[in-house]
1. If the requirement is being hydroxyl-bearing (S, T, Y) and closer than 28 Å to I121 by Cα, which of these qualifies: Y13, Y75?
2. If a residue must be touching a helix residue (DSSP H, G or I) at 6+ places or on another chain (Cβ under 7 Å), exposed (fewer than 13 other Cβ atoms within 10 Å of the Cβ) and either among the aliphatic types (A, V, I, L, M) or modelled with pLDDT of 95 or more (or both), how many such residues does the range 4-49 contain?
3. For N62, only one of the following conditions fails: (1) modelled with pLDDT under 95; (2) more than 15 Å from the chain's Cα centre (by Cα). What is its number?
4. With among the polar types (S, T, N, Q) and in the same structural domain as Q27 (by TED's automatic domain parsing) as the only criterion, which of Q44, Q119 stands out?
5. Answer with yes or no whether I122 is part of a helix (DSSP H, G or I), at pLDDT 70 or above and touching a Leu at 6+ places or on another chain (Cβ under 8 Å).
Amino acid sequence: MWQASFSKALKHYLECEYGYRPVTDQQIFDSLQQVIPKRGVWIQVGLQLNITSNQAHDYYHNTWIKQFLDSFEEYKWQLKNIIDSEKYDLNKTQLVNKIIQEFSEKHPGKKFHIMSIRQFIIHYYERIKTKKSLTNATKETKRSDSDLYAFLKNLLNE
């Protein structure tokens, strides 16, 4: 599978384009963090691996780099607490960015996969929102049922 050769393709790109000679995956990662802009990297890597540039890009950002980043699994409860304490007076994008910023400030020495955190926040936020909507709908239904009952009772008593 092409994933097994991904590091080698990145290494080849860095050697050809920048003269870098990274040995380890960590050095490849560090080198790519310094290379700005990364024009053509995904096209070149894709051609080497016989995959699309989008596949190369997505694999790098969603899978390959995670080996160099800290897991936020043990911190999910903190994210939930931050989300639960928010007032939700911002639009979703602003809210997510605010939560990520607040979370990152609490862990300055950590490098997290921001897209994973973003996805977690959005999923949790949507779950809370849905739960609140269902709770409100249930309250409305109970109120409507109660109003209907009172109306029918009055009608029958007349």
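The values are calculated or read from the model by the stated rules, or taken from the named source; none is laboratory data. Model, not experiment: these values are computed from the prediction. Neighbour counts are summed over all protein chains in view; Cβ atoms, including those assigned to glycine, are modelled from backbone coordinates with ideal geometry.
1. Y75
2. 1
3. Here N62 clears every test but (2).
4. Working: Q119 fails: in the same structural domain as Q27 (by TED's automatic domain parsing).
Within the list Q44, Q119, the selection yields Q44.
5. no
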